[in-house]
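This report refers to the structure that appears directly beneath it.
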Amino acid sequence: FELRDKQTMEAESGQLRVPETRGPKRSKLIALSFIRFRSFAQKPSSPIVYLAGGPGDSGINDFHSVPLSLLNELRTVADVIALDQRGTGGSEPRDVTCQSEQLLPLDRPGDPKLYVNIFRDRMRSCAGVLQTKGIELAAFTTEENAADVEALRVAIGAKKLTLLAGSYGSHLALAVIPRYPNSIERAVLFGTEGLDHTFKLPSNVEANLEKLAALVKTDSFYGTAMPDLLAAIRTVLEQLERQPLTVKVEPNISVVVGKWDLQKRIADTLGRGSAMRQLPAVIYAMLSGDFTDLGRWAYNYRRDPAFSAMGVTMDCASFASAARLKRIRREASNTILAATIDFPFPDICEATKLPRLDDQFRKSFKSELPVLFITGEMDGRTPISNVEEVAQG
């Protein structure tokens, strides 16, 4: 198995078969892939199972970028297992990403009302295609994923597992813990997404922007040239709201950008280190009249034909409590980026008859399980407040 810097490590490759959907009706079996790196320890602790984010990332593929030193540190404790969750990597169902011929228009500024209707049509079409292939959308829920983790434990003959999980993977881990309390020994969660955190709070996004703005003030150049990042963003947003702009992105291709495009462009940078580092330069260029970056972003966003039915269905199944949805709507009207970080959720969830987990799934819980939470102060997608809320239990 090839790791970072082309270093290699011996690994075992395995598969287990699980029901596509669990319930009273008999379901066909699907194959889930995993790899295992054996421990150095004479008496290994509970196997460490890595759960990737997304939903949609491959746990096995993630390990290609893991430093050998880190993997070996983990192996001093226990076997290390990377699982490809259902619909990801080498696991079934395969081909859950659809290609759409219905692209977003270039000749008008970003329009979320128009876009969400297009995305809904894409979802309906994609769902129809998958159903003709015999793929059940009901298979794509975090509860099914959680049952798969328990099935993996049984398949490898482990009494308990230790979970190592980030982002959506932490959401999945937090679904596993209360459902199979006797199957988990401990957990390490990074970039924590609680069971009612699938959709992000605009207030958390704004708080993250404020932290970035405070850093900009200390910069040797931008601290003088653009001392108030938030004020600069508001200035550009107001300009685009008054007068959308046409930006040339290729010799014969132009795209019209407006206020929503910039809101979405900024929201998509949060929680991504390199993109956040570039943001001050991007906003400064726009203040000077250069909207090349926004034009390129808008073009790429609108020309992307790929659509993951699995990812959409999984997030729509987890959804949000009525209280959280109400809070998001309230905060959206008073924050600089509104609710663009979540778009096209939650509206796309009304596209077709997608599975929806009940409110019991999203309820907080208490557990005696030892958990280490790791979080970043500048994480705008899975902020510290998520950890503070989950850790109370």
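The values are calculated or read from the model by the stated rules, or taken from the named source; none is laboratory data. On a predicted model such as this, the values are computed, not experimentally measured, just so you know. Ideal geometry is used to build each Cβ from the backbone, glycine not excepted, and the neighbour counts take in all protein chains shown. Just so you know, the surface numbers come from the protein's heavy atoms only, side chains and all, with ligands and any DNA or RNA stripped out. Shrake-Rupley method; radii C 1.70, N 1.55, O 1.52, S 1.80 Å.
I need a count of the residues in the range 372-393 that are touching a Ser or Thr at 6+ places or on another chain (Cβ under 9 Å), surrounded by 12 or more Cβ atoms within 10 Å (Cβ to Cβ) and in a loop (DSSP other than H, G, I, E, B).
Number of matching residues: 7.
If we keep just the residues of the range 19-39 that are part of a loop (DSSP other than H, G, I, E, B) and within 16 Å of residue 162 (Cβ to Cβ), which is most open to solvent (accessible area, probe 1.4 Å)?
Residue satisfying both the conditions and the ranking: 38.
Sort out which residues of the range 40-58 are in a loop (DSSP other than H, G, I, E, B) and under 28 Å from residue 306 (Cβ atoms), and write them in order of number.
52, 53, 54, 55, 56, 57, 58
Please enumerate the residues belonging to the range 213-254 that are aromatic (Phe, Trp, Tyr) and either touching a helix residue (DSSP H, G or I) at 6+ places or on another chain (Cβ under 7 Å) or touching a residue at least 40 places away in the same chain (Cβ under 8 Å) (or both).
To start, the set of residues in the range 213-254 that are aromatic (Phe, Trp, Tyr) comprises 221-222.
Across the range 213-254, the qualifying residue is only 222.
One residue is enough: does the range 341-354 have a residue meeting the conditions in a loop (DSSP other than H, G, I, E, B), touching a Cys at 6+ places or on another chain (Cβ under 7 Å) and farther than 23 Å from residue 228 by Cβ?
Scanning the range 341-354 turns up at least one residue that is in a loop (DSSP other than H, G, I, E, B), touching a Cys at 6+ places or on another chain (Cβ under 7 Å) and farther than 23 Å from residue 228 by Cβ.
If you take the residues in the range 292-322 that are modelled with pLDDT of 95 or more, open to solvent by 20 Å² or more (accessible area, probe 1.4 Å) and in contact with a strand residue (DSSP E or B) (Cβ under 8 Å, 6 or more places away or on another chain), which one is nearest to residue 348 (Cα to Cα)?
Out of the qualifying residues, it is 299.
As an exercise: evaluate residue 344 against (1) touching a strand residue (DSSP E or B) at 6+ places or on another chain (Cβ under 9 Å); (2) buried (at least 17 other Cβ atoms within 10 Å of the Cβ) and give the number of the one condition it does not meet.
Every listed condition holds for residue 344 apart from (1).
Output the residues belonging to the range 267-282 that are open to solvent by less than 20 Å² (accessible area, probe 1.4 Å) and not in a helix (DSSP H, G or I).
Hits for the range 267-282 are 269, 270.
For residue 87, which of the numbered conditions (1) out of contact with any Pro (no Cβ under 6 Å at 6 or more places or on another chain); (2) part of a loop (DSSP other than H, G, I, E, B) fails to hold?
(1)
Across the range 171-190, which residue is farthest from the chain's Cα centre (by Cα) among those that are in a loop (DSSP other than H, G, I, E, B) and more than 15 Å from residue 393 (Cα to Cα)? Give the steps one after another, and end with the answer.
We begin by selecting, within the range 171-190, every residue in a loop (DSSP other than H, G, I, E, B); these are 180-183.
Imposing the further condition that a residue be more than 15 Å from residue 393 (Cα to Cα) reduces the set to 180, 182-183.
Working: 180: 24, 182: 28, 183: 26 Å.
Looking at the filtered set, the residue picked out is 182.
State all residues of the range 64-88 that are open to solvent by less than 10 Å² (accessible area, probe 1.4 Å) and within 16 Å of residue 39 (Cβ to Cβ); if no residue qualifies, say none.
Hits for the range 64-88 are 71, 78, 80, 81, 82.
Scanning for something without any contact (Cβ under 8 Å) to a residue 24 or more places away in the chain, in contact with a strand residue (DSSP E or B) (Cβ under 8 Å, 6 or more places away or on another chain) and within 30 Å of residue 348 (Cα to Cα), does the range 96-109 turn up at least one residue? Walk me through how you get there before you give the answer.
Taking the range 96-109 as the starting set, the residues that turn out to be without any contact (Cβ under 8 Å) to a residue 24 or more places away in the chain are 102.
In the following step, the residues that additionally are in contact with a strand residue (DSSP E or B) (Cβ under 8 Å, 6 or more places away or on another chain) were identified as none.
No, the range 96-109 contains no residue that is without any contact (Cβ under 8 Å) to a residue 24 or more places away in the chain, in contact with a strand residue (DSSP E or B) (Cβ under 8 Å, 6 or more places away or on another chain) and within 30 Å of residue 348 (Cα to Cα).
Restricting to the range 202-211, name every residue that is open to solvent by 10 Å² or more (accessible area, probe 1.4 Å) and closer than 23 Å to residue 166 by Cα.
203, 204, 206, 207, 211, listed by residue number.
Taking the options 200, 160, name whichever one is in contact with a Ser or Thr (Cβ under 9 Å, 6 or more places away or on another chain) and under 30 Å from residue 36 (Cα atoms).
160 is the lone residue from the list that is in contact with a Ser or Thr (Cβ under 9 Å, 6 or more places away or on another chain) and under 30 Å from residue 36 (Cα atoms).
What's the number of the only condition in (1) at pLDDT below 95; (2) surrounded by 13 or more Cβ atoms within 10 Å (Cβ to Cβ); (3) assigned to a loop (DSSP other than H, G, I, E, B) that residue 369 fails to meet?
Result: residue 369 fails condition (1) only.
Say we look at the range 97-118 and pick out the residues that are modelled with pLDDT of 90 or more and outside any loop (DSSP other than H, G, I, E, B); which of these is farthest from residue 296 (Cα to Cα)?
Selected residue: 117.
Could you pull out the residue among 210, 206, 143, 193 that is more than 18 Å from the chain's Cα centre (by Cα) and either touching a residue at least 24 places away in the same chain (Cβ under 8 Å) or farther than 24 Å from residue 334 by Cβ (or both)?
Selected residue: 206, the only one of 210, 206, 143, 193 that is more than 18 Å from the chain's Cα centre (by Cα) and either touching a residue at least 24 places away in the same chain (Cβ under 8 Å) or farther than 24 Å from residue 334 by Cβ (or both).
Could you check the range 213-235 and list, in sequence order, the residues that are under 17 Å from residue 270 (Cβ atoms) and open to solvent by less than 60 Å² (accessible area, probe 1.4 Å)?
The answer is 213, 214, 216, 229, 230, 232, 233.
From 357, 325, which residue is surrounded by fewer than 19 Cβ atoms within 10 Å (Cβ to Cβ), at pLDDT 95 or above and not in a loop (DSSP other than H, G, I, E, B)?
Only one candidate passes the filter, namely 325.
Of all residues in the range 328-340, how many are assigned to a helix (DSSP H, G or I) and either open to solvent by less than 30 Å² (accessible area, probe 1.4 Å) or touching a helix residue (DSSP H, G or I) at 6+ places or on another chain (Cβ under 8 Å) (or both)? If you could, list the steps in order and put the result at the bottom.
First, the residues of the range 328-340 that are assigned to a helix (DSSP H, G or I): 328-332.
Those still in the list that are either open to solvent by less than 30 Å² (accessible area, probe 1.4 Å) or touching a helix residue (DSSP H, G or I) at 6+ places or on another chain (Cβ under 8 Å) (or both) too: 328, 331-332.
Number satisfying all stated conditions: 3.
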